[in-house]
Amino acid sequence: MAKQDDWITTQEAAQLSGYRLDYIQELLREGKIKGRKWVRDWQVSKASLLAYVREAERKGEKRGPKKEG
């Protein structure tokens, strides 16, 4: 079970990972990272996101679409 402070907003997940917000949302929809709906907004498991990023880097995959700017 995730700790209370493990849950971050999708915007925070995008900042932490360097991925665009729409890519974070895609990862949630596909079940590649853990998420939960809190009231009307989605939250992301920070541990799940970091594990996904580490695994993608280990495999030599590109880190997904980057934020522009």
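Before moving on, here are some points about what is shown:
- Residue tally, condition surrounded by 15 or more Cβ atoms within 10 Å (Cβ to Cβ) and in a helix (DSSP H, G or I), over region 22-38: 6
- Residues satisfying the stated conditions in region 27-39, i.e. within 9 Å of the chain's Cα centre (by Cα) and over 15 Å from Thr9 (Cβ atoms): Lys32
None of the figures in this text is laboratory data; all of them are computed from the coordinates on show. These figures come from a predicted structure and were not determined experimentally. Positions of Cβ are backbone-derived with ideal geometry, glycine not excepted, and every protein chain shown enters the neighbour counts.
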